[in-house]
1. Which one of these does A:Leu161 not meet: (1) in contact with a Lys or Arg (Cβ under 8 Å, 6 or more places away or on another chain); (2) farther than 30 Å from A:Leu221 by Cα?
2. Please find, among A:Val106, A:Val118, A:Val53, A:Val61, the residue that is touching a Phe, Trp or Tyr at 6+ places or on another chain (Cβ under 9 Å), surrounded by fewer than 16 Cβ atoms within 10 Å (Cβ to Cβ) and either within 20 Å of B:Gly225 (Cα to Cα) or of a type outside the set (S, T, N, Q) (or both).
3. Just to confirm my filter: which helices (runs of 4 or more DSSP H) fall fully inside the range B:67-175 and include at least 1 residues that are of a type in the set (Val, Ile, Thr) and within 14 Å of another protein chain (Cβ to nearest Cβ)?
4. Report yes if some residue within the range A:175-193 is at pLDDT below 85 and surrounded by 10 or more Cβ atoms within 10 Å (Cβ to Cβ); otherwise report no.
5. Considering only the range A:264-313, state which residues are surrounded by 17 or more Cβ atoms within 10 Å (Cβ to Cβ) and small (Gly, Ala, Ser).
6. When you go through A:His290, A:His270, A:His226 one by one, which is the residue that is at pLDDT below 90 and in a loop (DSSP other than H, G, I, E, B)?
7. Name the residue that is surrounded by the most Cβ atoms within 10 Å (Cβ to Cβ), counting only residues in the range A:231-263 that are more than 12 Å from chain B (Cβ to nearest Cβ) and part of a strand (DSSP E or B).
8. Would you point out the residue of the range A:314-333, among those that are assigned to a loop (DSSP other than H, G, I, E, B) and charged (D, E, K, R), that is surrounded by the most Cβ atoms within 10 Å (Cβ to Cβ)?
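The values are calculated or read from the model by the stated rules, or taken from the named source; none is laboratory data. In this text, all values refer to a predicted model and were calculated from it rather than measured experimentally. Positions of Cβ are backbone-derived with ideal geometry, glycine not excepted, and every protein chain shown enters the neighbour counts.
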Amino acid sequence: MADHSDGTPAGSHAVARAGRSDVEKFQDPGLAPHRLRLADTDPRAAKRAERQVAILFGVSVVGTLLFFIAYFGVRLDDTIATLRLQNLLLGLGVAFAMLGIGTGIVHWARALMPDHEVSEERHEIRTERDRVAAQRIVEDVLEETGIKRRPLIRNTLIGALALAPLPAIAVFRDLGPLPGNALRHTMWKEGTRLVRDPTGTPIKASDVTIGSAFHVIPDGLNELEHGKLEEKAKAVVLLMRLNPESLNPSPGRENWGYNGIVAYSKICTHVGCPVALYEQQTHHLLCPCHQSTFDLTQECKVIFGPANRPLPQLPIKVDSEGYLVAQSDFHEPVGPSFWERG
Amino acid sequence: MKALSQKRRHPLAAVALLLLGLILTGGLYAAATAPTAKADTTTYTAADTEEGSKLFIANCATCHGMGAVGSPSGPSLVGVGAASVDFQVGTGRMPMENQGPQAEQKPAQFNEEQTKQLAAYVASLAPGPAVPAEEYTDGGGNAAEGGELFRVNCAMCHNAAAAGGALTRGKYAPALAGVSNEHIYEAMVTGPQNMPVFNDANITPEGKRDIITFLNTIENNGSPGGADLGALGPVSEGLFAWVAGLGVIIAFTIWLTSRTS
C-alpha cells in the first residue's frame, strides 16, 4: 500500500474523489483576530487602569507601614489580648504588602502592557543526520581518551568509583546506633514499682477503686538523666480496675492482675500512638489516631480498626507494703510491628 | 501462754480464731480504703432525705428501681454518693430523655433545692463521694501544674484544648467550656458514664483544684493564635485550608487568565 499513500486523489484508488483534498488538508485557522482592550482605545480607561495599579501599589505601602506600626506601636503587657492584636496587625500588614505588589503587577500586565498574540514556529523534529553526528561525537571521545587501549587507566578508574561511595556509609552509620534489642525491652523488671505519671508517686492497690484509670510510669523514670523520653515512650502503662468477673484471662495469665487491677501498655500496636481513651462501662480502649479499639475484657484484643495485635499486658503483683509492682518486663515487644520482630 | 495453749483444742477455739481473723481483715480493709471513701461533709436534714425519696420514686425509680437498687434498664445507685447525683441531675443528664449511647447534657429538670434533696436521699443509702467543698472548686490553684495533670489524665479524651472528642460507637467526651467547677470536680470523683474514676488517691483534691484552675484559665484566655476553628485539630483546620485556601487560589487563577475588557 506504500505506493498509494501519497494522499493525492489521482494516486489513490478510493472511489470518492470530489472535495477530498479539502477534507484531508487541514486548514490552519491561524490566530484569532486581535481584540483591543478598553485601555488600548480609550485614553481615559488607560488612565483609570493606571490609577488602579498605583492604588494597589499604595495598598502595599500602607501594609508595610501597618506592619511597623504594629511592631513598634502595640505595647505588649501581661495579657494575651495585646499579643493577639499585634499578631493580627502584623499578619494583615505583611499580607497586604505582598498582595498589593502581586495584584498590582498582574493588573498592570493585563490592562496596560501590550497584549498582541505571538506564535513561535515549532522546531523540526530530529533528523537522522543529527543522530549520526551525535553518535560520531561519542565515538570520537571514546577514541581520543584511549580508554579501550589503556586497560590500566580503565581498571583503576573502576576501582576508584567503586570505593568513593564508602565514606557515605560511614557518615550515615553515625546517624545513630542500630536499636539492637532496645525495641524488645522496656524499663520494667521484677519489683519495679508502678508510679503515677507525672508525679512519680507509688500506687497502693487499695487506691485503685473499680472504674479507675491510672496513667503509670515505672519507678525511677523521672530520675533518668539520659534517654528519659525514649524510655517513657516504651514503658508507659495504663492501669485500670474492673470487676474481676469481667476479665477473662487466658491460661497462664490468670495472676497477671490483682483483684481486677490490670496494667496494659499504652502504646498502640498500629503506629504507636498512646491508647488512653478508656471507657469504663464498655471496657473499650480507643486509640485516638486511627480508631483502633481494644477490648479490655478479652485481654485487649483488637475489636475494630487497623491495629493488628493486642496491647501487651504488664504482669503486676502487690509487694509487702501493699504497693503495685511489676512481676517482670512485658512478655512481648510493645508498640508497632518492626522488621525483625517476626 | 500456757493457759492459751491448753485451750487450743477447745470446741470453740476455731470459732474464736475465725472471728479474730475476720475482725482483723475487716479492720485493715476499712483502714486501707478509708481515704478513698471519704465521709460525707455536706449535711442534709432528714426532711431533705424524705423529700428526695419522694422525688426519686416519682422520677427515677422506673429505671433505677425502688430503693435505687437498679433494674435491667438502669444501674444501682447505692454508694454512688451525693456528688454523682449533683453532677448527673445538675447538668440535666438525668433523667435521661431516651435510651442512647450516652446521656446528653440538657437544661436541668430539677431546681437546686430538688437536686439537693435527691442527692441527700441517694447519699443516705450508702456512703459515697460527697459534693466537693468550696475550697477545691474556687479555681485558685496552680494552673501550670493543673495543665500537666490535665494533659496526662484528661486530654486524650477531652482534647488538649478541652474541646471534647469522639469515642467509640456514638459516645463522646464533651467539651469542658462552660461546665461549672463543681460539676468538673464531681465528674472526676465519680466517673460518670464511660469516664473513668479519678479518686482522691489518684489525683489529690489539690490536683483536682489545679486542673479546674487550668480549665478556667484556658477558657478565659481564648485562643492566642486567632480563630481556633473549634480547636478540633486537623479536621476543622484541614477543611478550612481546603475550602477557603484552595478557593482563593482558584479565584486568583481565574482572574489571572481571564481577558481584560
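1. Condition not satisfied by A:Leu161: (1).
2. Numbers: A:Val118 fails: touching a Phe, Trp or Tyr at 6+ places or on another chain (Cβ under 9 Å); A:Val53 fails: surrounded by fewer than 16 Cβ atoms within 10 Å (Cβ to Cβ); A:Val61 fails: touching a Phe, Trp or Tyr at 6+ places or on another chain (Cβ under 9 Å).
The match here is A:Val106.
3. Numbers: elements: B:81-90, B:112-125, B:143-153, B:155-158.
Those helices (runs of 4 or more DSSP H) span B:143-153.
4. Yes: the range A:175-193 contains one or more residues that are at pLDDT below 85 and surrounded by 10 or more Cβ atoms within 10 Å (Cβ to Cβ).
5. Hits for the range A:264-313 are A:Ser265, A:Ala276, A:Ser292, A:Gly305, A:Ala307.
6. Numbers: A:His290 fails: at pLDDT below 90; A:His270 fails: at pLDDT below 90.
The match here is A:His226.
7. Applying the first criterion (more than 12 Å from chain B (Cβ to nearest Cβ)) to the range A:231-263 yields A:231, A:233-235, A:237, A:243-258, A:260-263.
In the following step, the residues that additionally are part of a strand (DSSP E or B) were identified as A:237, A:258, A:261-263.
Values: A:Val237: 27, A:Tyr258: 18, A:Ile261: 24, A:Val262: 25, A:Ala263: 24.
Taking the candidates together, the pick is A:Val237.
8. The initial filter retains those residues of the range A:314-333 that are assigned to a loop (DSSP other than H, G, I, E, B), namely A:315, A:319-322, A:327-333.
Add one more test, that the residue is charged (D, E, K, R), and what stays is A:319, A:321, A:329, A:332.
Numbers: A:Asp319: 12, A:Glu321: 9, A:Asp329: 20, A:Glu332: 13.
So, considering only residues that are assigned to a loop (DSSP other than H, G, I, E, B) and charged (D, E, K, R), the one surrounded by the most Cβ atoms within 10 Å (Cβ to Cβ) is A:Asp329.
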